[in-house]
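Quick notes on the structure that follows.
The values are calculated or read from the model by the stated rules, or taken from the named source; none is laboratory data. What you see is a predicted model; the values in this text were computed from it and never measured. Reconstructed Cβ throughout: ideal geometry from the backbone, glycine too, with neighbour counts over all protein chains shown.
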Amino acid sequence: MAHASYPLTTEQPYPRRQWWAAATATEVSRNLVARDILGERVLLYRKEDGTAVAVSGICPHRAFPLEKGRLVGDSVQCGYHGFTFGPDGACQRVPSQNGVPQHATLRRYPVVERGGVVWIWTGEESAADPALLPDLAAIGLDAPGWTVEIHPVATVEARYTLLIENLLDLSHVTFIHATTIPSGEKVAALPVTVEARSGGLTVARKAVGIPPNPLIKAQFPDQDALVDQEFDAQYMGPCLIRTGGTISDHASGKALGTQNFIHMITPAAPGRLHYFVATARDFGHDNPALGAMNLAMGTRIQPEDVDAISAIETVLRGDAPLPREVSARVDNGALQVRRLLEAQIRAEALAA
Ligand code: FES
Ligand SMILES: [Fe+2]
């Protein structure tokens, strides 16, 4: 690929010592599913007791895709010659002989299921620590008092870094989302602050003293007075970015509620990504129309971003030299995140 590493300057495209969203909880069942993650084929299923399992998805005998096999109890039986592997990846049985060949094992990925999402660890197994997951409770994904909707996953022909930059980039709203986010122009003109927060970074902007727009009226029907609205983009690691924030009554400063959009990004391969979106709100729990509205907004807005980053990916896959990159002041947060991500990848290379 002509511009394989852009926008990073590292040799490796992604960090591996990292949790990534592999699937939504409902996608993982007693049926075998395969998903490409960090260039590897991963097989996902549930044991009889419901625990999620992730192992490599290619049979070490003759490379048959294991999702075409079947589950026998908690084990996977390859559909080609019947080699059978336990949930720990160990080969348990080769039907044509007694005993199993050496090295007939599947790689096993540590799994944590949290917030309606099955997360897998792609680094060495001994370093897998659930404490390294982003704080899902803090953003409403794994906490009481929040209503969550999980949207269907989209797989996009674009490197994952383009989506990270898109989400931290608040000035594209006026153009890419001109018709779907009508007040985008005003939002784009708001001053931006960049704050480092525990291992991450938040690009924040706040609309102060604005009349409640139809969306806010739908969320808070009793609010006629002016409101303050946060438009954060919080990088919590390469696997997760939160956007949205709290809406408050302008006069009293009292919070009306918080609406978070939780974007989970997983590299599928060097030029492809999986995009999981969840929405979490701490108000309007008895109003399912708000959930439907979030899903509908996602359906309209998400393809606009997906089209934009796929178009950039097409350019990057071509041979044309790129112009020297220029940035605007508003890109500061996204550039800082690039540096964080590069530092994470380089730290791994040094430790390896
Ligand atoms: S390819 Fe899987 S058992 Fe032969
Ligand atoms: Fe966007």
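Please state which one of LEU132, LEU71, LEU168 is within 16 Å of ligand 2 (Cβ to nearest atom) and not charged (D, E, K, R).
Sole residue among the options that is within 16 Å of ligand 2 (Cβ to nearest atom) and not charged (D, E, K, R): LEU168.
Quick one: which strands (runs of 3 or more DSSP E) lie wholly within region 159-226 and hold at least 3 residues that are aliphatic (A, V, I, L, M)?
Hits in region 159-226: 200-204, 206-210.
Out of PRO144, PRO152, I need the residue that is at pLDDT 95 or above and either more than 13 Å from ligand 2 (Cβ to nearest atom) or of a type in the set (S, T, N, Q) (or both). Which one?
Every option except PRO144 fails the conditions.
How many residues does region 17-29 hold that are crowded, with 18+ Cβ neighbours inside 10 Å and part of a loop (DSSP other than H, G, I, E, B)?
Residues meeting the conditions: 3.
Select the strands (runs of 3 or more DSSP E) contained entirely in region 84-138, then report the ones holding at least 2 residues which are in contact with a helix residue (DSSP H, G or I) (Cβ under 9 Å, 6 or more places away or on another chain) and in the same structural domain as ARG46 (by TED's automatic domain parsing).
Ranges flagged: 111-114, 117-121.
Every residue in region 151-175 that is surrounded by fewer than 18 Cβ atoms within 10 Å (Cβ to Cβ) and more than 30 Å from ARG16 (Cα to Cα), please.
Correct list: SER171, THR174, PHE175.
Can you tell me which residue is surrounded by the most Cβ atoms within 10 Å (Cβ to Cβ) among those in region 44-71 that are among the hydrophobic types (A, V, I, L, M, F, W, C) and closer than 22 Å to GLY115 by Cβ?
So, considering only residues that are among the hydrophobic types (A, V, I, L, M, F, W, C) and closer than 22 Å to GLY115 by Cβ, the one surrounded by the most Cβ atoms within 10 Å (Cβ to Cβ) is ALA54.
For region 139-150, which positions are part of a loop (DSSP other than H, G, I, E, B), surrounded by 16 or more Cβ atoms within 10 Å (Cβ to Cβ) and not small (Gly, Ala, Ser)?
LEU141, ASP142, TRP146 - these are the residues of region 139-150 that are part of a loop (DSSP other than H, G, I, E, B), surrounded by 16 or more Cβ atoms within 10 Å (Cβ to Cβ) and not small (Gly, Ala, Ser).
So that you can scan it fast, the table gives a plain yes or no per residue for (1) touching a Ser or Thr at 6+ places or on another chain (Cβ under 9 Å); (2) buried (at least 17 other Cβ atoms within 10 Å of the Cβ); (3) of a type outside the set (A, V, I, L, M, F, W, C); (4) modelled with pLDDT of 95 or more:
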residue	(1), (2), (3), (4)
ARG41	yes, no, yes, yes
GLN77	yes, yes, yes, yes
GLY82	yes, no, yes, yes
PRO87	yes, yes, yes, yes
ARG107	yes, no, yes, yes
GLY115	no, yes, yes, yes
LEU133	no, yes, no, yes
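Just the residues that are within 16 Å of ligand 2 (Cβ to nearest atom) and surrounded by 16 or more Cβ atoms within 10 Å (Cβ to Cβ), please, taken from region 311-331.
ILE312, GLU313, VAL330, ASP331
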